Structures are given as structure tokens and as C-alpha cells.
Amino acid sequence: MENYTEEKTELHMSPRLQNDFATAAFWARFIAIAGMATTLVSSLLQIIKGVPGAYIGAFVSVGFSVLIYIFLLKFGNLVKKGITNTDQQSFYEGLTNLRTYYKVVSLLLIICIGIGLIIFIFAILLATIKH
Amino acid sequence: MHAKARRRSLICFESVIVFFVIKNLYLQIVSAGVPQDRDCKPNQSMLMEEQYTSVDPELVIDESCAACLKETTNWTRFLAVCFCVFLGFMLFALMGIMVGKDLISESLSRSASTSTSVLLSKLGITAVIIILILIVCIMIYPTILLFRFSNNTKRGIEYKDQHSLENGISAFKNYLIFFGILGILSILSVIIQFIVLAL
């Protein structure tokens, strides 16, 4: 603990950190574009197959995927711009988008877990009443 | 007739989307490959090398960036814990199916009328076990990477430890690469589905 506090210096953007951020930005953009495209095309496939409720499902899934991946795409673009042009503001905005992305994903996960728990409790209650 | 025409037009529309997506991804991959191609094009590569490898005094992990990264690590730790719980449930389900495999197949064979359906039910249980094992194996690696990113980055920011921060961001990069490869596989599966439907 003492060792750490004694060696306190400012964090800097080392070449390794810069390369890692650049690679992460590239893959983040790739994941965002691939995720949005895959969701869109698979939703269209469901519509073509004539699955009941495919239109609503497509609307919801495409909406959610855009909501989630847009932040990842922004992170990728802004961090890349920040590193290439040594633009501190872009870099910071990119990191802000990464934080928002994980916040949105975590909140959606919490909502899903909540809904699952409610369904589980209702199912148990229903089974108890029937018996 | 009308439905057939509509289906054809949808397939055409989808093929255009797939084409543009593949084109976009190809362009991205090509543009990302430029800095690695250092020996072939010395003039361009010198410029790119300078951009990526020189220690730029202007770009720093200042207080605002550090605060942002620290908050990100809190959320990623939460996600990693959720992944762990999910993995635990999967392992539980796997153990349950493995223990009660004979019981399940017995009850299924009672309800099944022919020998073929009995065989199919046994194959189904085996397929479920294999799929669960695959999911568990696939999910372990990103969970470890997410934990490593959360812990190392937080430590790096709190104690101003450059080495920990670098390790954390490296783990995050590997995490994104892993999901990128999964993304490629999902694109391939969608393309295969699309081809099957078009045929």
C-alpha cells in the first residue's frame, strides 16, 4: 500500500496503451456494426419466414440493438479520432460513451433479471393456488 | 403470387443490406491493416508508426478520463458478477441433467410411441448437454477478461499504477476481440440462414 502511494506519478498514454486503445476502438466499431446488421438481417429473416409477431419482435430487437450499439460505435469512432489527432476532448467523449454503453447494458440486464424474478414468483404463486 | 413477389423483394432488399455490411466490414479491416503493413509502404507506415508509437505529451489519462474509466469498471464488474452467476446456473443445470439423464430419458420413452422417437429423445438430451458445455466453455474466457479489466484498471487509476492500467486495457482489448470473433461467426450463421432460405 505504501509502495503504491510513494510511487504516485501521473498516468500517461504509453505506446502500449495507445495501441491497445486503438485496437479496442477498431473492434468496438466492428462489434457495433456487426451486431446492428445481424439483428436487422435476422429480424428480416423472421419476417420472411412468416413467424407470428415477427414485426413487433423485429421492431423491438432492432430498437434495442441500435440503443445499445450506438454508444459502442461512438466509443470506437471518438477514441480512434482522439488517438489519431491527439485530441483529448474526443478521447474523453469516447470514454464517456463506453461508460454509457456499460451503464445501459447493465440497466437492461437488471430490468431483465427483475422481470424474470417477477415471472418466477408469479408462476410459483399460481402453482400454489392451483394445488 | 402477391406473397411470392413480396418475399422476393424482401430477399433482394436483404441481399443489398448484406452486401453493404460486408463491404463496410471489409473497408474497416483494410483500413485497420494499414499500420501493420510497415515494410511494404515506408512513407505511409512512417506516418502511422509515428501516430501510434510516439509518446504524445498532449494525450493523457487526466482526472476526468480516470473518473470515467473508474465508473466504467464498476459497471463491468457488475456485468462480470452477473456472468459468473449465469455460469453457475448453467453448471447447476448441467449437473442436474447429467444426474437425472436416465430418469428424463425413461420418462420420455414412456410417452414416446415408436423406437425412433425414443432414440430422438435420447439424442436431444445429449445435444442439450453438449450445448450447455459449449456455452459454459465459451463464457468463461470473457468473464475472466472482464474481471481482469475491472480490477486492474481500477487499481491502476486508484494507485496511479501505469502497469496495472495497461494490463487492464489489454484485457479489455482481448475481451472486445473475443466478441468480435463471435460477431463474425454470427454474421456467417445469418448468411448461411439467408442462403438456405433463398435456395
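Here are the numbers for this structure:
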read-out	value
In the range A:33-42, residue farthest from the chain's Cα centre (by Cα) [restricted to those that are at the interface with chain B (Cβ under 7 Å from one of its Cβ atoms) and among the aliphatic types (A, V, I, L, M)]	A:41
Restricting the range B:131-172 to residues that are assigned to a helix (DSSP H, G or I) and of a type in the set (Phe, Trp, Tyr), the residue that is farthest from residue A:18 (Cα to Cα)	B:141
Test result for residue B:164, at pLDDT 95 or above and of a type in the set (Ser, Thr, Tyr)	no
Conditions (1) of a type in the set (S, T, N, Q); (2) surrounded by fewer than 15 Cβ atoms within 10 Å (Cβ to Cβ); (3) within 30 Å of residue B:70 (Cα to Cα): number failed by residue B:151	(2)
Residues of the range B:56-92 that turn out to be free of Cβ contacts under 8 Å to residues at least 60 places away in the same chain and in a loop (DSSP other than H, G, I, E, B), as a count	5
Cross-chain or 6+ apart pairs with Cβ under 6 Å, the range A:13-32 first and within 7 Å of another protein chain (Cβ to nearest Cβ), then surrounded by fewer than 20 Cβ atoms within 10 Å (Cβ to Cβ) and polar (S, T, N, Q)	A:15/B:53
Residues within the range A:38-68 that are farther than 23 Å from residue B:180 by Cα and aromatic (Phe, Trp, Tyr), tallied	2
Residue B:183 being crowded, with 18+ Cβ neighbours inside 10 Å, small (Gly, Ala, Ser), at the interface with another protein chain (Cβ under 9 Å from one of its Cβ atoms) and out of contact with any Phe, Trp or Tyr (no Cβ under 9 Å at 6 or more places or on another chain)	no
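The values are calculated or read from the model by the stated rules, or taken from the named source; none is laboratory data. Note that the coordinates shown come from a computational prediction; the quantities given were computed from them, not determined experimentally. In this analysis, Cβ positions are derived from the backbone assuming ideal geometry, glycine residues included, and neighbour counts consider all displayed protein chains.
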